[in-house]
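Peer 1: This structure is in structure tokens; I'll ask about it shortly.
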Amino acid sequence: MMPKVTFLPSGKEVEVKEGTNILDAALDNNIQIDHNCGGNCACSTCHVIIENGYDSLNEMTEDEEDMLDEADGLTETSRLACQCKVTTDLQVKIPPKDLDKKTRYSDLLPGFIPNQVRPAVPARLLSRRAFYFDPNLPRPSGPVLSAGSQSPPANCR
């Protein structure tokens, strides 16, 4: 029989293969747990609170202890979801983050895609001709960037 993990506050219960870590169990079942480092024990964003079954988990490593020091809302049963191997039934609480209470990063920063590498210059800026805020500055003799079919704003001609 496969162990079950119940995620709180949603109450969603999932069966997982023994030895699966809590982070993978959540993500494989469309349950959101932040994981900025990709589950490599290099941050504390996957901090969870084990409500039931704490003693069945693998021992905490020194690296995990160090990372947990950075997490908000620590309890006696706090762990990093990426480091806990499921061997028996668990009840896991995903604590709210301060930002979750208000809005997510993607609401604050249009185009924000967590856990993905993005170019240093947004593509939307590369598809426009240069524009000038100071009309007294000399203008270059040709287009500065390839603008495709876009024409420059009227004040830049």
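Peer 1: Mind checking which residues of region 55-68 are touching a residue at least 12 places away in the same chain (Cβ under 8 Å) and within 25 Å of the chain's Cα centre (by Cα)?
Peer 2: 57, 58, 60, 61, 63, 64, 67, 68
Peer 1: Another one. Restricting attention to region 85-100, does a residue exist that is at pLDDT below 90 and either exposed (fewer than 11 other Cβ atoms within 10 Å of the Cβ) or part of a strand (DSSP E or B) (or both)?
Peer 2: For region 85-100, residues at pLDDT below 90 and either exposed (fewer than 11 other Cβ atoms within 10 Å of the Cβ) or part of a strand (DSSP E or B) (or both): present.
Peer 1: Sort out which residues of region 68-85 are over 20 Å from residue 26 (Cα atoms) and touching a Ser or Thr at 6+ places or on another chain (Cβ under 6 Å), and write them in order of number.
Peer 2: 70 - this is the single residue of region 68-85 that is over 20 Å from residue 26 (Cα atoms) and touching a Ser or Thr at 6+ places or on another chain (Cβ under 6 Å).
Peer 1: Only one of these conditions is not met by residue 5: (1) in a loop (DSSP other than H, G, I, E, B); (2) surrounded by 15 or more Cβ atoms within 10 Å (Cβ to Cβ); (3) touching a residue at least 60 places away in the same chain (Cβ under 8 Å). Which number is it?
Peer 2: Of the numbered conditions (1) in a loop (DSSP other than H, G, I, E, B); (2) surrounded by 15 or more Cβ atoms within 10 Å (Cβ to Cβ); (3) touching a residue at least 60 places away in the same chain (Cβ under 8 Å), the odd one out for residue 5 is (1).
Peer 1: Exactly one of these conditions fails for residue 32: (1) out of contact with any helix residue (DSSP H, G or I) (no Cβ under 9 Å at 6 or more places or on another chain); (2) within 27 Å of residue 62 (Cα to Cα); (3) loosely packed, with under 13 Cβ neighbours inside 10 Å. Give me its number.
Peer 2: (1)
The values are calculated or read from the model by the stated rules, or taken from the named source; none is laboratory data. It should be emphasised that the depicted structure is a prediction, and the values quoted were computed from it without experimental measurement. Note that we place each Cβ from the backbone using ideal geometry, even for glycine, and neighbour counts take in every protein chain shown.
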